[in-house]
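Read the structure below first, then the notes.
The values are calculated or read from the model by the stated rules, or taken from the named source; none is laboratory data. The shown structure was predicted, so the numbers you read here are calculated from the model rather than taken from an experiment. Neighbour counts run over all protein chains shown; Cβ positions are idealised from the backbone, glycine included. Accessible surface areas use protein heavy atoms only, side chains included; no ligands, DNA or RNA. Shrake-Rupley method; radii C 1.70, N 1.55, O 1.52, S 1.80 Å.
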Protein chains: 2
Amino acid sequence: MRDNVGMRISARADYAVRAALQLASSGDGGPLKAEAIADAQDIPHKFLESILNDMRRGGLVVSQRGGNGGYRLAKPADAISIADVIRVVEGPLVSVRGVRPPELSYSGPAESLLPLWIALRSNVRQILEGVSLADVASSQLPAGVAALADAPKAWVNP
Amino acid sequence: MRDNVGMRISARADYAVRAALQLASSGDGGPLKAEAIADAQDIPHKFLESILNDMRRGGLVVSQRGGNGGYRLAKPADAISIADVIRVVEGPLVSVRGVRPPELSYSGPAESLLPLWIALRSNVRQILEGVSLADVASSQLPAGVAALADAPKAWVNP
DNA sequence: CTCTTTTCCTACAGACTTACTAGGAAAGGC
DNA sequence: GCCTTTCCTAGTAAGTCTGTAGGAAAAGAG
């Protein structure tokens with residue numbers, strides 16, 4: 001039985017964003033330990049560790065070992081977008097058959113498929129790059145996004 | 001090395017759309033054989049067969065066996081959207097951790113994540129449901145989509 | 001009825017991805 | 001030295017993705 005594809009947010013990406021939000025909302029009471037985040041957001045501890053590691057390598061968080069170490073955001077929460085987080089843990093936001101749209105080539109009646117994928121990607125970017133960790137953590141989504149989410153139609157499954 | 005997730009259009013979905021476009025553009029010179037489509041679009045023949053089968057079960061195409069059989073669209077090309085095609089071969093357009101957004105529950109600073117995913121999904125739908133096979137086959141994308149695709153920024157990788 | 005064509009169905013296989021878990025080494029503070 | 005917490009390598013069970021193989025069932029032509 002085939003299931004869900006299309007815009008798939010994996011567990012890894014979902015966890016990454018939630019962890020980042022937890023860090024964003026911790027204001028500045030020192031760094032947060034992986035385990036504290038794991039408990040707060042109900043994420044498997046060791047799995048989260050590897051995600052936080054990706055985020056550190058990607059320059060999104062900084063870490064401190066030992067006694068009262070932990071993680072904190074490397075930049076202000078309003079300077080990190082959801083797209084930043086997803087890209088750091090999973091690579092490109094949009095891909096077709098494993099490659100990014102500009103590398104594709106279509107022929108015949110499928111020629112205009114490329115512009116379509118490009119438009120789609122641009123649209124997804126617009127949303128995910130336009131929303132910061134601070135926006136979500138404070139429940140203040142940008143007007144355009146909030147408008148989309150408020151339409152009742154948006155909540156019903158097709 | 002982790003790679004591409006996010007909005008992933010699988011080979012299966014890409015092939016399905018291209019096959020449907022080929023059918024759309026064949027006007028009405030009788031049904032098209034699977035092999036003819038496979039050749040025209042450079043899709044593995046047997047793989048395409050199973051995709052066309054999904055599309056038949058989903059009511060998108062009708063088939064005819066024997067002598068000069070083949071496939072044709074079950075509805076006019078301007079009554080089938082790209083979203084229809086993708087959904088028939090891959091299920092829901094957008095999912096988070098394998099489930100559809102409305103089934104999720106977030107807590108703490110992640111509470112506003114749900115509206116964000118909903119907004120994202122609504123946006124993706126708007127595009128993919130708003131473009132028909134006829135639009136793509138005739139290279140006449142709807143104004144809003146064409147505008148997105150025409151922005152030079154949309155074509156550069158981040 | 002037989003032959004050819006083409007769809008339809010089932011089964012499988014190899015490579016890859018996903019979501020984890022285990023165990024310990026390295027660093028930092030007391 | 002000791003305790004904590006990050007950091008690193010490895011592995012694994014289950015699933016998905018992209019196909020292939022082989023044949024049975026239908027439709028029409030002769």
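Matching residues to (1) within 14 Å of the chain's Cα centre (by Cα); (2) surrounded by fewer than 18 Cβ atoms within 10 Å (Cβ to Cβ):
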| position | (1), (2) |
| --- | --- |
| B:Met7 | yes, no |
| B:Arg18 | yes, no |
| B:Ser26 | no, no |
| B:Ala36 | no, yes |
| B:Ala83 | yes, no |
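Hey, does region A:82-91 have a residue that's at the interface with chain B (Cβ under 7 Å from one of its Cβ atoms), assigned to a helix (DSSP H, G or I) and modelled with pLDDT under 95? Taking every residue of region A:82-91 in turn, at least one turns out to be at the interface with chain B (Cβ under 7 Å from one of its Cβ atoms), assigned to a helix (DSSP H, G or I) and modelled with pLDDT under 95. Total residues in region A:98-116 satisfying the condition of being at the interface with chain B (Cβ under 7 Å from one of its Cβ atoms) and either under 15 Å from A:Arg87 (Cβ atoms) or open to solvent by less than 10 Å² (accessible area, probe 1.4 Å) (or both): the figure is 4. Evaluating A:Gln64 against the criteria (1) more than 13 Å from DNA strand C (Cβ to nearest atom); (2) open to solvent by 70 Å² or more (accessible area, probe 1.4 Å) leaves one unmet condition, (1). Tell me, please, whether a residue that is open to solvent by less than 10 Å² (accessible area, probe 1.4 Å) and closer than 30 Å to A:Gly27 by Cα can be found in region B:68-76. There is no residue in region B:68-76 that is open to solvent by less than 10 Å² (accessible area, probe 1.4 Å) and closer than 30 Å to A:Gly27 by Cα. The one condition from (1) within 16 Å of DNA strand C (Cβ to nearest atom); (2) modelled with pLDDT of 95 or more; (3) over 20 Å from the mean Cα position of the chain (by Cα) that A:Leu116 does not meet is (1).
Residues in region B:1-54 that are of a type in the set (Ser, Thr, Tyr) and either more than 12 Å from DNA strand D (Cβ to nearest atom) or in contact with a strand residue (DSSP E or B) (Cβ under 9 Å, 6 or more places away or on another chain) (or both): B:Ser10, B:Ser25, B:Ser26. Annotation note: of A:Ser10, A:Ser50, the sole residue that is near DNA strand C (Cβ under 10 Å from one of its atoms) and under 30 Å from A:Pro158 (Cβ atoms) is A:Ser10.
Considered as a group, the residues in region A:126-142 that are open to solvent by less than 30 Å² (accessible area, probe 1.4 Å) and closer than 12 Å to A:Ala83 by Cα include one that is farthest from the other protein chains (Cβ to nearest Cβ), and that residue is A:Ser132.
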